[in-house]
Amino acid sequence: MTGVETRSVARDSLFLLADICVEQSADVYRVRVRNLSDGGMMGEGQMRVQRGHRLTIELRNIGVVGGTVAWVQDNRFGIAFDEEIDSQKARRPLQTDDLPEAAIVKPSWAHRAPPPPEPGRLRKI
């Protein structure tokens, strides 16, 4: 590895799960999506695929996408999508048409730092 980026498409590193089905099979596998771009993804999981296998991938907020296995290395594999997707949608909170209020993310104040003390109330030690 030379450390020089030779890819022409930006990828988002992330960790999410996707369901994958190999064409001509009824088995559905849950895999980890390690990175995702508009044109493809890298998956990781305990499923056996070979270069050239046709797949259908169900991605959060995107739906079912068709693709082809581009490479395989150990338990990781690359998938080239048949059509480009909006990969940023997968990063958003789960959206449901049934419950629009479920898509609203409410701010959490539980992990906020306390406000700084007033300068006049500080003591020098």
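Taken together, the values in this text are just the output of simple stated rules run on the coordinates, not laboratory data. Keep in mind it's a predicted model, so treat the numbers as computed, not measured. Backbone-built Cβ (ideal geometry, glycine too); neighbour counts: all protein chains shown.
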Within the range 17-53, which residues are among the basic types (Lys, Arg) and surrounded by 14 or more Cβ atoms within 10 Å (Cβ to Cβ)? ARG32, ARG34
Close pairs from the range 34-45: first among the basic types (Lys, Arg), partner surrounded by fewer than 17 Cβ atoms within 10 Å (Cβ to Cβ) and in a strand (DSSP E or B), Cβ under 6 Å, at least 6 apart: ARG34/GLU44
